[in-house]
Amino acid sequence: MGIYFKDNFFSSGTTDIMNENGEIVGNVDLKSAFGSSLDIYDETGEKVCGGKFRFFSNKWEVSDANEYELGVLRIRMSFLTKRFEYDAGERGIYEITSPSFSKEYEVQDQGGRTVARFSQTSGWLQSGAFYLENDSHLISNWEWIAVVMGVHAIRKRANNNGASAST
């Protein structure tokens, strides 16, 4: 079963995580409009995961409830696709790809098996909203949410840097 979650327009505040039946199963706390960090809470209000940019870096660090690093997401250079790599340490390295103008992403493990899929469901002038399907037995929904929000944060940062460089 898939889950839905989203960013806020100014990337701050709390947003709900919902299952396909529209039931709230957790929430994302987007800590600040001035920084890109977040915490993810389950349906009981317990912190389960977090994500943030490393200091002076474009790498997105995903951590557990105790701030222990679970993995690192980084962008990979590619000509006609959006490509990212999530290094989950002993649990493997995952490649996240999407065709250039698509809003759908596939996550593949080192064996080339698709273990998760997500898509951006929001429109052009809306904040990022996402749908996630997780088939992985090693990476939880919570961790994938942090990774997806990291992909979104890296893309927003790249778009903002490109816009400021062209003005």
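Could you give every pair whose Cβ atoms fall below 7 Å, whose first residue belongs to segment 69-85 and is of a type in the set (S, T, N, Q), and whose second residue is crowded, with 19+ Cβ neighbours inside 10 Å, counting only separations of at least 6 or pairs across chains?
Note: pairs meeting the criteria are Thr81/Ser98.
Being among the charged types (D, E, K, R), within 25 Å of Leu30 (Cβ to Cβ) and surrounded by 19 or more Cβ atoms within 10 Å (Cβ to Cβ): is that true of Lys82 here? Give the steps one after another, and end with the answer.
Values: among the charged types (D, E, K, R): yes; within 25 Å of Leu30 (Cβ to Cβ): yes; surrounded by 19 or more Cβ atoms within 10 Å (Cβ to Cβ): yes.
Criteria met by Lys82.
Looking only at segment 76-94, count every residue that is part of a strand (DSSP E or B) and within 15 Å of Ala146 (Cα to Cα) and tell me the total. Talk me through it step by step, then tell me what you get.
Taking segment 76-94 as the starting set, the residues that turn out to be part of a strand (DSSP E or B) are 76, 81-87, 93-94.
Remaining after also requiring within 15 Å of Ala146 (Cα to Cα): 84-87, 94.
Matching residues across segment 76-94 total 5.
Cβ-Cβ below 9 Å, separation at least six or inter-chain, first residue in segment 134-145 and surrounded by fewer than 24 Cβ atoms within 10 Å (Cβ to Cβ) and in a helix (DSSP H, G or I), second aromatic (Phe, Trp, Tyr) and modelled with pLDDT under 95: which pairs?
Within 9 Å, no pair qualifies.
Take the residues in segment 95-120 that are assigned to a loop (DSSP other than H, G, I, E, B) and over 21 Å from Ile3 (Cβ atoms), then tell me which one is farthest from the chain's Cα centre (by Cα). Talk me through it step by step, then tell me what you get.
Filtering segment 95-120 for residues assigned to a loop (DSSP other than H, G, I, E, B) gives 100-103, 109-113.
So of that shortlist, the ones also over 21 Å from Ile3 (Cβ atoms) come out as 100-101, 110-112.
Numbers: Ser100: 18, Phe101: 18, Gln110: 19, Gly111: 22, Gly112: 20 Å.
That would be Gly111.
With the requirement that a residue be farther than 23 Å from Thr97 by Cα and at pLDDT below 95, what does segment 46-66 give you?
Phe55, Phe56
From (1) of a type outside the set (A, V, I, L, M); (2) surrounded by 12 or more Cβ atoms within 10 Å (Cβ to Cβ); (3) modelled with pLDDT of 95 or more, pick out the condition that doesn't hold for Gly112.
Among (1) of a type outside the set (A, V, I, L, M); (2) surrounded by 12 or more Cβ atoms within 10 Å (Cβ to Cβ); (3) modelled with pLDDT of 95 or more, the lone unmet condition for Gly112 is (2).
The values are calculated or read from the model by the stated rules, or taken from the named source; none is laboratory data. Since the structure is predicted, the reported quantities are computational estimates derived from the model, not experimental observations. Cβ sites come from the backbone with ideal geometry, for glycine too, and all protein chains shown count toward neighbours.
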